[in-house]
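Working notes, beginning with the structure itself.
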Amino acid sequence: MAHQSEIRKQVFDASVAKLQEKIGIEQHAIKEMQQMANEYGAPKDRYDGFRMQLLRKKDLMAEMLQKTINELETIQRIGLERENSAVGTGAMVITESQKLFIAVPLGKVEVDGENWQVISPSAPIINHLQGLHTGDTFDFVGKKHKILDVF
């Protein structure tokens, strides 16, 4: 098994790459919506529903894009130097059933064939994990879990 700092870097890099990919997709979608609205032309009348729908979708995509940019900034602030002995923001947590990186609500990233769940510090499981250390146990969804490692 790779060293903790190497695992942290790999999961961190995979998370940043996934966020950057998501930003690219969202930027492309915004450009497409704007292009479609431009090609459709000027509003036909003040109740031009199709054009308004395109512009609303573009605005929603812009909100999603800003949220993703904020998540990227958050994960970059966490960085790689943080060492954790207790569960909290920036911690890498390995339990008997899963591997977690507590940073932003990103979902699954795969590193060396292993799945890591990148989750928000406000995810429900964090209420059960916050402040715990390697070797501690916790109850979640009616089951008892053991923390194998925190770093």
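Read-outs throughout are calculated quantities, based only on the coordinates presented, and are distinct from any laboratory measurement. Because the structure is predicted, anything quoted here is derived from the model rather than measured. Positions of Cβ are backbone-derived with ideal geometry, glycine not excepted, and every protein chain shown enters the neighbour counts.
Can you tell which of GLY41, GLY90, GLY107 shows the greatest fluctuation in a Gaussian network model of the chain with Cα springs below 10 Å? Highest fluctuation among the options: GLY41. With helices as the sole contributors, the chain gives -16500 deg cm²/dmol at 222 nm; each DSSP H run of n ≥ 4 counts as -39500 (n - 2.57), and the sum is divided by every residue. What the phi angles of region 111-117 give under the Karplus curve with 6.51, -1.76 and 1.60, with θ = phi - 60°, is a coupling list of 9, 6, x, 10, 8, 10, 9 Hz, glycine and proline written as x.
Extending 7 Å from Cα along the Cβ direction at ARG82 and again at SER120 yields two label points whose distance is 1.6 nm. Across the chain, the longest piece that holds none of the GluC sites (Glu not before Pro) lying in DSSP loops with up to 16 other C-beta atoms within 10 Å covers 1-80.
For the residues ILE125, ILE102, ILE23, a GNM of the chain with alpha-carbon springs under 10 Å puts the largest fluctuation on ILE125. Residues in region 14-35, backbone N under 11 Å from the label point at ASP48 (7 Å along the Cα-to-beta-carbon vector): list them, ranges by number please. Of the residues in region 14-35, none has backbone N under 11 Å from the label point off ASP48.
Estimated at 0.36 nm per residue, the fully extended path between TYR40 and ALA2 surpasses their Cα-Cα distance by 8.2 nm.
In this label model, SER97 and HIS133 are separated by 2.5 nm, measuring between points 7 Å along each Cα→Cβ vector. Counting only alpha carbon atoms, the long axis of helix 49-78 and the longest principal axis of the chain meet at about 30°.
Helix 4-40 axis versus longest C-alpha principal axis of the chain: approximately 10°, rounded to the nearest ten. Of the chymotrypsin sites (Phe, Trp or Tyr not before Pro) found in region 12-94, those in coil by DSSP whose Cβ has at most 16 other Cβ atoms within 10 Å are TYR47.
Under the combined filter of DSSP loop state and at most 15 neighbouring Cβ atoms within 10 Å, region 73-110 retains these trypsin sites (Lys or Arg not before Pro): ARG82.
Charging the Cβ of each Asp and Glu at -1 and of each Lys and Arg at +1, and nothing else, the dipole of the chain about its Cα centre rounds to 460 debye.
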